[in-house]
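Following: one structure in structure tokens, then a few remarks.
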Amino acid sequence: MAALKLAVLISGRGSNLQALIDACAGRDFPATVALVVSNNPQAQGLARAGACGIPTAVIERRDHGDRDAFDQALTEAIGAHDADLVCLAGFMSILGAGFVARWRGRLINIHPSLLPEFPGLDTHARVLVAGVRTTGCTVHYVTAEVDAGPVIIQQSVPVEANDTPETLAARVLAAEHQIYPQAVRLIAEDRTT
Ligand code: GRF
């Protein structure tokens, strides 16, 4: 089976991108990172991609008149690299319905909670306020509703009594780095159902 070509969309640090790059470097991993797109020219993840010789593109929302034009620019960049699967990895711009429909079934996201619990931003602070003892992370298909598409894989993570949003985020992030490559493998091997 040919390796899946990934387009990874980022806005910042890119640690999940790094986990995907590292997984793809493994001998039997059924995917390669074909392109990294950032909507933020300062994203640290761009340097991670550059260091590995992975093509990058910066596509900023403000350079495009409306959401459709921005989405079109993203689609063109992804298409130019023949990507099969679009992986959102800390991509902080909401995508338009047209983009989501075009890539439906080939567009995935990682979120730092056990969806459908705690969709949206500031997840870890809200988890601590809620007082739950277990949280985690989810890789899911992207649908029109934010953080609501079909789940591909989840991993639970304990909440410790003295956690801060930062200590909890670090524990969840380590789990994210495990499940994002696992999700890509499940899709590549057609084992998501
Ligand atoms: C991760 O926590 C991810 O779940 C969320 O944004 C964060 C991105 O981190 N969507 P990084 O840029 O991959 O380090």
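No lab work stands behind these numbers, since they all come straight from the coordinates. Because the structure is a prediction, the values reported are computed rather than measured. Neighbour counts are summed over all protein chains in view; Cβ atoms, including those assigned to glycine, are modelled from backbone coordinates with ideal geometry.
For residue 90, which sequence-distant residues (separation of 5 or more, or a different chain) have an amide H within less than 5 Å of its own amide H, given hydrogens modelled in the peptide plane?
Under 5 Å from the amide H of residue 90 lie the amide H atoms of 110, each far enough along the sequence or on another chain.
How do the peptides 158-165, 38-45, 78-85, 17-24 rank, highest first, by the average count of neighbouring beta carbon atoms within 10 Å per residue?
Per-residue mean Cβ counts within 10 Å order the peptides as 17-24, 38-45, 78-85, 158-165.
For the range 5-24 and the range 77-140, write down the distance between their C-alpha centroids in whole Å.
First find each Cα centre; the distance between them is then 13 Å.
Taking only C-alpha pairs under 8 Å that are 6+ residues apart, what is the relative contact order of the range 4-188 in percent?
Averaging sequence separation for qualifying contacts and normalising by length gives 21 percent for the range 4-188.
Can you divide the C-alpha Rg of the chain by 2.2 N^0.38 Å and report the result to two decimal places?
In units of the 2.2 N^0.38 Å rule of thumb, it is 1.00.
So in the chain, what percent of DSSP beta bridges are antiparallel if you round to the nearest 5? Kindly include the intermediate steps, with their values, before the conclusion.
On the way: 11 of 28 bridges.
About 40 percent, rounded to the nearest 5.
Given the range 1-87, what whole percent of its Cα pairs are spread farther than 15 Å? Don't skip to the end; give the middle numbers.
Numbers: 2086 of 3741 pairs.
In whole percent, the long-distance tail amounts to 56.
Are there any trypsin sites (Lys or Arg not before Pro) in the range 24-98 that are in a DSSP loop and have at most 12 other Cβ atoms within 10 Å? List them by number.
Answer in residue order: 27.
Check each of the trypsin sites (Lys or Arg not before Pro) in the range 71-175 and keep only those in coil by DSSP with at most 11 other C-beta atoms within 10 angstrom; list them in order.
Passing sites in the range 71-175 are 133.
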